[in-house]
Amino acid sequence: MEELLKGFEVPPKNSSEAALRRWRKLVTIVRNPRRRFRMIANLEKRSEAEQQKLKIKEKIRVALIVQKAALQFIDAAGPLDYKITDEVRQANFGIEPDELASIVHGHDIKRLKSHGGVDGIAEKVTVSLDEGVLSENVSTRQRIYGFNQYTEKPPRTFWMFVWDALQDLTLIILMICAVVSIGVGLATEGWPKGMYDGAGILLSIILVVLVTAISDYRQSLQFRDLDREKKKISVQVTRDGRRQQVSIYDLVVGDVVHLGIGDQVPADGLFISGYSMQIDESSLSGETDPVDIYEQKPFLLSGTKVRDGSAKMLVTAVGMRTEWGKLMETLNEGGEDETPLQVKLNGVATIIGKIGLTFAVLTFLVLTVRFLIEKALHNEFTKWSSTDALTLLDYFAIAVTIIVVAVPEGLPLAVTLSLAFAMKQLMDERALVRHLSACETMGSASCICTDKTGTLTTNHMVVNKIWICEKISNIGDNENKNIDELEIHESVFSIFLRSIFLNSSAEVVKDENGKNSILGTPTETALLEFGLLLSADHDAYRRQFKILKVEPFNSDRKKMSVLVALPEGRIQAFCKGAPEIVLRMCEKVVDSSGEVVLLSEERVRDITEAINGFASDALRTLCVAVKDVGETFNENGIPDSGYTLIAVFGIKDPVRPGVKEAVQTCLAAGITVRMVTGDNINTAKAIAKECGILTAEENAIEGPEFSSKSPDEMKDIIPNIQVMARSKPSDKLNFVTNLRNMFGEVVAVTGDGTNDAPALRQSDIGLAMGIAGTEDLPLSQLYNCFGLI
């Protein structure tokens, strides 16, 4: 059987078009192509869609790269004249939807300036850049400027599935047989006896068609529900004066959207404010170089991704008025690649079909030959009647029925339905499967490379311990009594709070009840919560000091830095990040009396000992430092040396309940669990031991050390690695690649950030943790996902 199915093999990920076309050519016995191939990729439509996408991308590339020449041509010909319609004027808006959209996707800086820049556009769409859109105006904006939805193909109706079922060649032949049978029967046996055989065949056909159509229609409804779930994405906006999350489909022109590293720009818009903003426009223009976004170059296009920095954006066009919207129209064309099991079952169906066809032909020949011999024996070979014709027709109908029964046309569809059922079950476990083939591959996973934060741990962080002024204080779980006992020298206290409140990407916002809530990463949230418990006014610090430049945290830098202008004119730089990075940048430290002293080797040893102590208690460690820059502002960057160490935080992130049991269950099932994290190696070891992952100290390694090994050395150590700490995206990618290529492992990788994207793509199963990056899937439920397949 393996030899017969040799041509019916495709890889589970990234199948080539040649492989997809090869198995299609081998499928020779097909009763109903419309139905059998309904759930596989339509390569012709896909090719057409690809051509259309290339045209759109080329159009965008011209707009982005050759915009100066285009603008000169427009200047020579005169700008397009957009007249404000009565509908727009009555809604109190001062700019037409098409003109507003053309400013961004045409990168028309002159027209933008003629409208008064970003502030002028905000005024014309009647929105405050500080307060955002009012909820009561959303419906009006949707009516005038459109919905943030893309044109989709209308869903198939039940009668379309009935029509598809009727395209079965064998059913068409049986219908002809039934009609002939009725005609001959009525002529020879009269009414109603002559109707019985033909009517029986027709009723059977109707029953088969209805059962097939109902099954396929219900299946399509399931896929429609799954597709709807896959498209649920939330974005952060400022509305009604407060920051909140809304569905991407509820986004309207005038919304103020908050963007950070890894976010996809949800609509066309204009840059309002931000720091170090870099955009990857390769999804639209094909250009791989990042694009800097700032006040003089404020255009943001829907579908592009934030590579670095953070910003606020004013939405100017949504839905089909964006170039991404036109591109999205083509994305669903051609369908999704078929899974390896679907292809193999198509091969099985083809082989069985050939066998069935052979037996059907033999049956018809045997019955016909026997009938002819009987006629010859009775000397009736030259005498033919309508009854004889009816008998031969019955033999033909029997042969066709054998083909109907023998050719398993619904077999490939059955696996699709079972995979859809598995997807639904996984969704109940809060695991959203975006590709059917992943359901198959999950069942054969032999290794899980799991992240620590949010997967093995709860991702709810609090400051547990702090080293400051050469003393270690135990905070507990941010308990007020311990906060009150915290001894921080008066001269250090103000700088300490600045390092928390000013060097942060999180925000303190008011909820509907007027209470403070913090929006940001769990680590940032923990620090801000700690600062607020010190009875400090976060907003007052933000108003008092002006932030000049920000270098956001990313997995390569492992630190975040800001330049801050003080009221008296001086400039200070604040830095926070991984202890080994920040400590290397420091030359001084605040001692027990609150004085700044040189960072001697002895003090470095004491600080390192404190950091390792925190890590051994399974705490995440973080250092904060400050540097007086003077009164000059260097636009090229923030200093990376000469800092004064202020404090070391120990942040608690408890292990999720049930994780240890889930790890043991995975191990018992033959699935190796490995932790790959960017945290300190001592923290990683402590958590891994608590989870039951690490069994020996020597089975833990740091990412840079692993990547520095030769291929032969990697081959020796990889089987024993249970923990990889301080890993960069390249280290994680290297580890996963070698697990697959050197050892033939079927690798599942979990990740919750853009830094995990390369490893997720390289893995056999990429498990992106979080629904829109907000809710995490614990390992205990991750195991359930594997158990379902």
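For the residues 244, 236, the requirement of being open to solvent by 20 Å² or more (accessible area, probe 1.4 Å), in contact with a His (Cβ under 9 Å, 6 or more places away or on another chain) and within 14 Å of residue 131 (Cα to Cα) singles out 236.
May I ask you to verify whether residue 571 is over 36 Å from the mean Cα position of the chain (by Cα), touching a residue at least 24 places away in the same chain (Cβ under 8 Å) and over 22 Å from residue 725 (Cα atoms)?
yes
Just one of the numbered conditions (1) open to solvent by less than 10 Å² (accessible area, probe 1.4 Å); (2) assigned to a helix (DSSP H, G or I) is not true of residue 713: (1). The combined condition, being open to solvent by 50 Å² or more (accessible area, probe 1.4 Å) and modelled with pLDDT of 85 or more, is not fulfilled by residue 227.
Tally up the residues in segment 120-166 that are among the acidic types (Asp, Glu), open to solvent by 80 Å² or more (accessible area, probe 1.4 Å) and either within 18 Å of residue 320 (Cβ to Cβ) or touching a residue at least 40 places away in the same chain (Cβ under 8 Å) (or both), please. Qualifying residue count, segment 120-166: 3.
Let's see how each residue does on (1) assigned to a helix (DSSP H, G or I); (2) modelled with pLDDT under 85; (3) open to solvent by less than 30 Å² (accessible area, probe 1.4 Å):
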{"position": "452", "(1), (2), (3)": "no, yes, yes"}
{"position": "465", "(1), (2), (3)": "no, no, no"}
{"position": "486", "(1), (2), (3)": "no, yes, yes"}
{"position": "528", "(1), (2), (3)": "yes, no, yes"}
{"position": "539", "(1), (2), (3)": "yes, yes, no"}
{"position": "542", "(1), (2), (3)": "yes, yes, no"}
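Filter segment 275-324 down to residues that are among the charged types (D, E, K, R) and in contact with a His (Cβ under 7 Å, 6 or more places away or on another chain) and give me whichever is farthest from residue 259 (Cα to Cα).
That would be 323.
Looking only at residues of segment 717-733 that are at pLDDT 90 or above and part of a helix (DSSP H, G or I), we find that the one that is nearest to residue 555 (Cα to Cα) is 718.
Entry remark, segment 100-119: residues being assigned to a helix (DSSP H, G or I), of a type outside the set (Val, Ile, Thr) and either under 32 Å from the mean Cα position of the chain (by Cα) or buried (at least 19 other Cβ atoms within 10 Å of the Cβ) (or both) number 5 in total. Contact map, segment 491-506: residues that are more than 16 Å from residue 469 (Cβ to Cβ) and of a type in the set (Phe, Trp, Tyr) paired with residues that are in a helix (DSSP H, G or I) and open to solvent by less than 10 Å² (accessible area, probe 1.4 Å), Cβ distance under 6 Å, separation 6+ or inter-chain. Pairs shown: 501/531. Take the conditions (1) at pLDDT below 85; (2) open to solvent by 40 Å² or more (accessible area, probe 1.4 Å); residue 250 misses just one of them, which is (1).
Quick check, is residue 647 of a type in the set (A, V, I, L, M) and not assigned by the TED database to the domain that holds residue 503? No, not satisfied. Is there a residue in segment 287-303 that is modelled with pLDDT of 85 or more, assigned to a strand (DSSP E or B), more than 19 Å from the chain's Cα centre (by Cα) and surrounded by 17 or more Cβ atoms within 10 Å (Cβ to Cβ)? Yes. A search for C-beta distances below 8 Å between a residue of segment 309-328 that is part of a helix (DSSP H, G or I) and acidic (Asp, Glu) and any residue that is surrounded by fewer than 20 Cβ atoms within 10 Å (Cβ to Cβ) and at pLDDT below 85, counting only pairs 6+ apart in sequence or on different chains, returns 323/56; 323/59; 323/303. Among the candidates 704, 657, 639, the residue that is part of a loop (DSSP other than H, G, I, E, B) and under 28 Å from the mean Cα position of the chain (by Cα) is uniquely 657. Screening residue 647 on (1) of a type outside the set (D, E, K, R); (2) more than 36 Å from the chain's Cα centre (by Cα); (3) assigned to a strand (DSSP E or B); (4) more than 24 Å from residue 474 (Cα to Cα) shows it passes everything except condition (4). In the set (1) modelled with pLDDT under 80; (2) polar (S, T, N, Q); (3) within 30 Å of residue 271 (Cβ to Cβ); (4) not in a helix (DSSP H, G or I), residue 382 fails one condition alone, (3).
Residue by residue, here is whether (1) at pLDDT below 80; (2) not assigned by the TED database to the domain that holds residue 128 holds:
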| residue | (1), (2) |
| --- | --- |
| 235 | no, yes |
| 240 | no, yes |
| 244 | no, yes |
| 255 | no, no |
| 259 | no, no |
| 273 | no, no |
| 281 | yes, no |
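Kindly establish whether residue 741 is modelled with pLDDT under 90, over 25 Å from residue 621 (Cα atoms), part of a helix (DSSP H, G or I) and polar (S, T, N, Q). Judged against the criteria, residue 741 is a match.
The values are calculated or read from the model by the stated rules, or taken from the named source; none is laboratory data. Only a predicted model underlies this, so the values are computations on that prediction, with no experimental measurement involved. Heads up, the Cβs are rebuilt from the backbone with ideal geometry, glycines too, and the neighbour counts pull from every protein chain shown. Keep in mind that these areas ignore ligands, DNA and RNA; they rest on the heavy atoms of the full protein, side chains included. Shrake-Rupley method; radii C 1.70, N 1.55, O 1.52, S 1.80 Å.
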